[in-house]
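Mind having a look at this structure? Questions to follow.
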Amino acid sequence: MRKFTAITVLATALHGSGASVVMLERMDHVVGRGGSIYAMNSKLTKEKGYECPVEEIAQRYKRMMGYHSYRVDDRKWMNHFHRSGEAMDWLIDRMTTASSVGGSDLTPVMEHWYEDPENINGEFPGTHEFLDGPNGLGPDDNPQQDVCDNMAAYCAKAGVDIRYLTDAQQLLKDGERVSGVVAKTADGYVQFNGKNAVVLATGDFGMDKDMLEKLIPWAAHQTEFGGIWDGSGHKMAYWAGAAIDKNETPTPMIFCFQWRSITRQARAYWQTTIDGPGTINMNGSGDIEVKMVKADTLEELVQALELPAETTLKTIEDYNGYCERGVDEEFGSARNCCRP
């Protein structure tokens with residue numbers, strides 16, 4: 001689940017068990033980014049005919065584990081298989097009746113997935129979205145914001161103490177145990193002591209170039225847009241003794257935002273973006289930089305993108321030739337993947 005969705009689920013569960021829960025949020029509102037949550041064998045996937053037995057899931061997961069040379073904890077992966085459907089059903093029940101706590105009733109749907117004809121990089125059915133809310137009316141919107149808004153409403157209804165504009169600055173330790181946190185507010189610093197537990201949920205560290213160079217050096221120079229957060233939560237955790245993921249590098253989230261089909265609507269959208277200020281709004285999550293160019297010829301396009309002209313044009317010519325002959329003589333791509 002997304003960061004805030006997961007932490008609000010935990011908060012409501014803890015509060016429901018009798019614990020006193022305080023949530024700290026650095027923004028003046030809850031923030032939801034992205035649009036989907038993956039779960040296996042939820043009631044929605046079963047309704048749509050995509051229930052999977054453990055043997056099939058194990059085969060899928062083993063393939064994905066192989067991408068990481070099996071340097072993963074397979075118990076956690078299988079726990080996701082056995083319990084994620086239950087968790088999603090819990091969320092569906094609340095999202096479809098959120099008006100009961102002052103939120104928006106949402107419609108659960110399954111995202112379309114990509115079936116790779118070569119069975120290498122395909123996706124699996126199970127990605128859930130919640131639409132029909134004020135922020136999730138269409139494919140360019142941010143439906144996860146509606147999920148987070150609803151979860152915040154459930155927390156408030158349950159009596160969870162949510163402190164907005166409260167920025168966690170430093171974890172506190174009692175021996176080896178994390179015992180609390182110091183946070184900054186408009187009125188100064190406040191110390192919160194955790195009787196039973198302190199749960200840290202933080203965003204990315206893409207705005208901290210030093211962390212990118214240290215932890216994902218190859219991705220540090222891939223794009224000017226490095227992320228939204230500065231890694232302060234990670235640094236607090238590392239100071240307290242948290243372990244860094246044993247995989248070689250964290251997974252960088254780099255997207256091209258090419259989500260539209262080639263239609264008249266898409267062409268109009270691209271033209272609006274080309275003529276725009278160089279950013280697109282992510283509907284509740286701020287603006288991100290985007291570079292789109294338009295040209296009448298390949299030569300003009302190559303020049304506008306500042307690509308090496310001779311090499312780029314030859315690559316395009318070679319590729320189009322492979323498509324016409326139906327055989328990728330260079331990389332062996334499947335025939336139905338070749339598009340001139």
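For (1) of a type in the set (S, T, N, Q); (2) open to solvent by 70 Å² or more (accessible area, probe 1.4 Å); (3) farther than 29 Å from N196 by Cα; (4) modelled with pLDDT of 95 or more, each residue gets a yes or a no:
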| site | (1), (2), (3), (4) |
| --- | --- |
| S104 | yes, no, yes, yes |
| E115 | no, yes, yes, no |
| T127 | yes, no, yes, no |
| N135 | yes, no, yes, no |
| D141 | no, no, yes, no |
| V147 | no, no, no, no |
| Y154 | no, no, no, no |
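Counting just the residues of region 295-340 that are among the polar types (S, T, N, Q) and in contact with a helix residue (DSSP H, G or I) (Cβ under 9 Å, 6 or more places away or on another chain), which one comes out most open to solvent (accessible area, probe 1.4 Å)? Walk me through how you get there before you give the answer.
Filtering region 295-340 down to residues among the polar types (S, T, N, Q) leaves 297, 303, 311-312, 315, 320, 333, 336.
After this cut, where a residue has to be in contact with a helix residue (DSSP H, G or I) (Cβ under 9 Å, 6 or more places away or on another chain) as well, the list is 303, 312, 333.
Numbers: Q303: 143, T312: 26, S333: 50 Å².
That would be Q303.
In region 71-83, is there at least one residue being over 24 Å from E47 (Cα atoms) and touching a strand residue (DSSP E or B) at 6+ places or on another chain (Cβ under 7 Å)?
Checked against the condition, which is being over 24 Å from E47 (Cα atoms) and touching a strand residue (DSSP E or B) at 6+ places or on another chain (Cβ under 7 Å), region 71-83 yields no hits at all.
Against the condition assigned to a loop (DSSP other than H, G, I, E, B), loosely packed, with under 14 Cβ neighbours inside 10 Å and within 23 Å of the chain's Cα centre (by Cα), how does W218 come out, does it pass? Show your work before the answer.
Values: assigned to a loop (DSSP other than H, G, I, E, B): yes; loosely packed, with under 14 Cβ neighbours inside 10 Å: yes; within 23 Å of the chain's Cα centre (by Cα): yes.
Considered against the rule, which asks whether it is assigned to a loop (DSSP other than H, G, I, E, B), loosely packed, with under 14 Cβ neighbours inside 10 Å and within 23 Å of the chain's Cα centre (by Cα), W218 comes out as yes.
Moving on. In region 136-166, what residues are among the acidic types (D, E) and more than 23 Å from the chain's Cα centre (by Cα)? Break it down into steps so the answer makes sense when it comes.
Residues of region 136-166 that are among the acidic types (D, E), as a first pass: 140-141, 146, 149, 161.
Within region 136-166, D161 is the sole residue that qualifies.
Please go through region 182-204 and give me each residue that is open to solvent by 50 Å² or more (accessible area, probe 1.4 Å) and among the charged types (D, E, K, R), ordered by number.
K184, D187, K195
OK, next. Specify which of the listed residues (D93, D89) is exposed (fewer than 13 other Cβ atoms within 10 Å of the Cβ) and either among the β-branched types (V, I, T) or closer than 30 Å to R60 by Cβ (or both).
Numbers: D89 fails: exposed (fewer than 13 other Cβ atoms within 10 Å of the Cβ).
Result: D93 is the single residue among D93, D89 that is exposed (fewer than 13 other Cβ atoms within 10 Å of the Cβ) and either among the β-branched types (V, I, T) or closer than 30 Å to R60 by Cβ (or both).
Right, another one. Please verify whether region 241-263 includes one or more residues that are closer than 29 Å to I316 by Cα, at pLDDT below 70, aromatic (F, W, Y) and surrounded by 12 or more Cβ atoms within 10 Å (Cβ to Cβ).
Yes; the residues of region 241-263 include at least one that is closer than 29 Å to I316 by Cα, at pLDDT below 70, aromatic (F, W, Y) and surrounded by 12 or more Cβ atoms within 10 Å (Cβ to Cβ).
Of all strands (runs of 3 or more DSSP E) completely enclosed by region 100-168, which ones contain at least 1 residues that are without any contact (Cβ under 8 Å) to a residue 40 or more places away in the chain?
107-110, 127-131
Something else now. Between R26, R71, which is assigned to a loop (DSSP other than H, G, I, E, B) and within 28 Å of I228 (Cα to Cα)? Spell out how you get there, then give the answer.
Values: R71 fails: within 28 Å of I228 (Cα to Cα).
On inspection, the qualifying residue turns out to be R26.
Still on this model: For region 38-56, what are the residues that are part of a helix (DSSP H, G or I) and over 22 Å from the mean Cα position of the chain (by Cα)? Break it down stepwise before answering.
Within region 38-56, the subset part of a helix (DSSP H, G or I) is 43-47, 54-56.
K43, K46, E47, V54, E55, E56, listed by residue number.
Residue-wise test of (1) at pLDDT 80 or above; (2) open to solvent by less than 40 Å² (accessible area, probe 1.4 Å); (3) within 24 Å of the chain's Cα centre (by Cα).
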position	(1), (2), (3)
A168	yes, yes, yes
K173	yes, no, no
G180	yes, yes, no
G206	yes, yes, yes
L212	yes, yes, yes
W229	yes, no, yes
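Quick one: which of F124, F192 is closer than 30 Å to S20 by Cβ and aromatic (F, W, Y)?
Just one listed residue meets the conditions, F192.
The values are calculated or read from the model by the stated rules, or taken from the named source; none is laboratory data. As the structure is a prediction and not an experimental result, all values here were calculated from the model. Using ideal geometry, Cβ is built from the backbone for each residue, glycine included, and neighbour counts are taken over all protein chains shown. For accessibility, only protein heavy atoms count, side chains too; no ligands or nucleic acids. Shrake-Rupley method; radii C 1.70, N 1.55, O 1.52, S 1.80 Å.
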